[in-house]
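What follows is a single structure, written as structure tokens, with notes after it.
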Amino acid sequence: MPRDHGRILSSIWRDPDSRRLQPEPQRLYLLLLSQPNVNNAGVLPLQVGKWAKGCESTTEEEILQSLQALSRADFAYFD
């Protein structure tokens with residue numbers, strides 16, 4: 001059964017590393033945490049097209065740029 005929520009600690013907004021991120025990578029991080037198919041290890045399939053559809057004005061290229069920013073800041077890794 002897929003998850004119906006993701007736990008996000010309120011302390012994320014006081015974390016200096018998180019606060020250094022631009023708004024788009026911050027939003028993507030929250031989107032990734034709340035995906036129903038993320039497993040207990042925090043792993044999920046790379047679904048750039050699906051994630052871009054989470055907002056009508058977001059493109060796949062913007063998702064990839066945000067993923068790269070999250071990776072540089074050690075918030076997410078992908079291959």
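Computed per residue of the chain from DSSP H runs no shorter than four, each worth -39500 (n - 2.57), the mean residue ellipticity at 222 nm is -12000 deg cm²/dmol. Does the stretch 1-41 come out rounded, prolate or oblate, given a ≥ b ≥ c as the square roots of the eigenvalues of its C-alpha gyration tensor, rounded meaning a/c under 1.5 and, failing that, prolate meaning a/b above b/c? It is prolate, given that a/c is not under 1.5 and a/b is the larger ratio. To put it simply, the accessible area of the stretch 26-73 at a 1.4 Å probe is 51 percent carbon and sulfur. Using a simple spin-label model with pseudo-atoms 7 Å out from Cα toward Cβ, residue 7 and residue 57 lie 3.4 nm apart.
The values are calculated or read from the model by the stated rules, or taken from the named source; none is laboratory data. Keep in mind it's a predicted model, so treat the numbers as computed, not measured. Note that we place each Cβ from the backbone using ideal geometry, even for glycine, and neighbour counts take in every protein chain shown. Just the protein is used for accessible areas: all its heavy atoms, side chains included, with ligands, DNA and RNA removed. Shrake-Rupley method; radii C 1.70, N 1.55, O 1.52, S 1.80 Å.
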